[in-house]
Amino acid sequence: MDHSKNERRHLYWFDEGGFESSKKLLSEAGYRLEATRMTPCQVLRARGKNLVYAPPEVWSRLCVRQGSWYRHSDRRGQYMPMSDHRLPEALADYLDSEMSESDFAPASLPTAEVLNSIVSSEEYQSQKPDRWERIRSTEALLVKLLFLFNRSWGISDNLKMHWLGNLANHANFLSKQVTTDVEGEQVAYSVTNNEGVCSSCVEFFNIVEMDSRKLVRSCPGAVTFGGAKRDIYYDIKPLKKRT
């Protein structure tokens, strides 16, 4: 079964020096670079010669708790541009992964018992950032208001209701307990609907399990700020192997 469609986005990761030296090359090739202002997922809006990149500081703005995954990772301090096509070949060493829409749809989603098992996994418990699970009351209120506004949640929804799913989604990509076969590979996927996903940027932008293919649903924030689609999975395919 073909799990991906034709539209693709290409993700690049640069250290500060590499990014600064690449700006001139991109400018000479006619590209315009724009930094995201609020959230990393705004890079999804890049089209044509308009490149959008996430600077390190944006991971600590609106999505501070969620950005702890970036700050806790090997990506910390790096710059992340996205393009709807491959950039000049001179920048090929910075190309990290490819994102495309998928036709994958699970027959069913895991039960709460399975989600709890995923969250209890050693892989998740040992790798989660300390800040990730510390919610402030103001955040819970702001999240509810935002997700009501963009119609991701109903009036009775709240962060507590979706908390287990928020944790289990990241945990499953680390523990790979729930997978599907893609081209002979067992690929982990988001284990809730969109309303239960938080910080899909962690997988969209290949911050965890950098050598592993992933099938990822958008969080409500990515829908609002990045224009990501609901009710589909995105196929995240790493393009380089690390030693």
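The values are calculated or read from the model by the stated rules, or taken from the named source; none is laboratory data. Bear in mind the structure is a predicted one, so any value in this text is a computation, not a measurement. Cβ sites come from the backbone with ideal geometry, for glycine too, and all protein chains shown count toward neighbours.
Quick one: in the stretch 145-180, which of the residues that are of a type in the set (Phe, Trp, Tyr) and outside any loop (DSSP other than H, G, I, E, B) is surrounded by the fewest Cβ atoms within 10 Å (Cβ to Cβ)? Among those residues, the one meeting the criterion is 149.
The listed residues are 119, 143, 52, and the only one of them that is among the aliphatic types (A, V, I, L, M), more than 20 Å from residue 174 (Cα to Cα), touching a helix residue (DSSP H, G or I) at 6+ places or on another chain (Cβ under 8 Å) and modelled with pLDDT of 95 or more turns out to be 52. Quick one: in the stretch 215-236, which of the residues that are charged (D, E, K, R) and surrounded by 18 or more Cβ atoms within 10 Å (Cβ to Cβ) is farthest from the chain's Cα centre (by Cα)? Result: 235. Which residue is surrounded by the fewest Cβ atoms within 10 Å (Cβ to Cβ), if the candidates are limited to the stretch 95-118 and must be under 17 Å from residue 239 (Cβ atoms) and out of contact with any Pro (no Cβ under 9 Å at 6 or more places or on another chain)? Among residues in the stretch 95-118 that are under 17 Å from residue 239 (Cβ atoms) and out of contact with any Pro (no Cβ under 9 Å at 6 or more places or on another chain), the one surrounded by the fewest Cβ atoms within 10 Å (Cβ to Cβ) is 100. Put simply, of 57, 34, 16 the only residue that is over 18 Å from residue 95 (Cα atoms), of a type outside the set (A, V, I, L, M) and exposed (fewer than 13 other Cβ atoms within 10 Å of the Cβ) is 57.
Filter the stretch 199-243 for residues that are modelled with pLDDT under 95 and over 25 Å from residue 47 (Cα atoms) and give the result. Residues satisfying the conditions are 241, 242, 243. Of all the residues in the stretch 162-198, those that are within 17 Å of residue 115 (Cβ to Cβ), modelled with pLDDT of 95 or more and charged (D, E, K, R) number 1. Among strands (runs of 3 or more DSSP E) entirely within the stretch 1-90, having at least 1 residues that are within 30 Å of residue 103 (Cα to Cα) singles out 4-12, 50-54, 80-83.
When each of 143, 182 is tested for being in contact (Cβ under 8 Å) with a residue 24 or more places away in the chain and of a type outside the set (D, E, K, R), the lone residue that passes is 182. If you scan the stretch 19-30, which residues turn out to be over 21 Å from residue 76 (Cβ atoms) and either within 24 Å of the chain's Cα centre (by Cα) or loosely packed, with under 11 Cβ neighbours inside 10 Å (or both)? Hits for the stretch 19-30 are 24, 28, 30. Just so you know, in the stretch 181-194 the residues that are of a type in the set (Gly, Ala, Ser) and either not in a strand (DSSP E or B) or not assigned by TED's automatic domain parsing to the domain that holds residue 114 (or both) include one that is surrounded by the most Cβ atoms within 10 Å (Cβ to Cβ), and it is 190. Quick check, is residue 208 in a helix (DSSP H, G or I) and of a type in the set (Val, Ile, Thr)? Spelling it out, it is not the case that residue 208 is in a helix (DSSP H, G or I) and of a type in the set (Val, Ile, Thr).
Inside the stretch 64-79, can you point out the residues that are among the hydrophobic types (A, V, I, L, M, F, W, C) and either surrounded by fewer than 17 Cβ atoms within 10 Å (Cβ to Cβ) or over 30 Å from residue 181 (Cβ atoms) (or both)? Correct list: 64 only.
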